[in-house]
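Everything on this sheet refers to the single structure shown next.
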Amino acid sequence: MLPEHGFEHDQPTNPLHSNDVYPQKSGAVPLWFLSPKEENEVREETRRLARIACADVLKVFSECTKGRTVSMLWACRIEKASMMDCMASHSTMEDFDKARDEFVQKKADLMAENKERLARERGELPKSN
């Protein structure tokens with residue numbers, strides 16, 4: 001027998017599956033759908049991870065530019081090219097997709113925790129110690 005809301009499950013079994021939605025809301029969207037703000041968060045996380053991976057190359061470029069203004073354009077072109085290559089190699093679509101999948105999983109985990117917390121507050125589940 002189906003629950004009264006008409007869905008076979010209350011929670012997505014796989015948060016990345018395109019058919020999974022939040023059944024408790026009418027007009028619900030798939031879990032993997034991210035708002036523009038969330039997309040920006042994922043993009044920033046991808047950039048942050050690229051900066052960490054390229055820290056040594058970024059430092060070399062930064063050191064080269066110290067004390068220079070316009071002359072850094074030609075004096076540091078090799079260092080800049082190395083920096084850009086490193087950042088590009090760590091900012092691929094695959095890196096973005098991986099960060100997005102991790103974000104969606106965290107989002108799903110947080111929703112499950114909140115759902116469980118609310119159920120405990122309503123007395124639907126026993127309180128844990």
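The values are calculated or read from the model by the stated rules, or taken from the named source; none is laboratory data. Just so we're clear, the structure is a prediction, and the values are computed from it rather than from any experiment. Here Cβ is always computed from backbone atoms with ideal geometry, including for glycine, and neighbour counts include all displayed protein chains.
When region 69-100 is filtered for residues that are assigned to a loop (DSSP other than H, G, I, E, B) and either in contact with a Gly (Cβ under 9 Å, 6 or more places away or on another chain) or surrounded by 12 or more Cβ atoms within 10 Å (Cβ to Cβ) (or both), the ones remaining, listed by number, are C76, H90, S91, T92. In region 51-71, how many residues are modelled with pLDDT under 95 and within 25 Å of E94 (Cα to Cα)? Adding up the residues that qualify gives 0. Going through (1) under 30 Å from L110 (Cβ atoms); (2) at pLDDT below 95 one by one, R48 falls short only on (2).
Scanning region 101-118 for residues that are of a type outside the set (S, T, N, Q) and surrounded by 12 or more Cβ atoms within 10 Å (Cβ to Cβ) returns D101, E102, F103, V104, K107, A108, M111, A112, K115, E116.
Applying the selection to region 43-79, what residues are among the β-branched types (V, I, T) and touching a helix residue (DSSP H, G or I) at 6+ places or on another chain (Cβ under 8 Å)? Before the answer, list the steps.
From region 43-79, those among the β-branched types (V, I, T) are 46, 52, 57, 60, 65, 69-70, 78; that's our starting set.
The answer is T46, V57, V60, T65.
Kindly evaluate F103 against the criterion of being within 18 Å of I52 (Cβ to Cβ), under 12 Å from the mean Cα position of the chain (by Cα) and touching a residue at least 60 places away in the same chain (Cβ under 8 Å). So F103 fits the description; yes.
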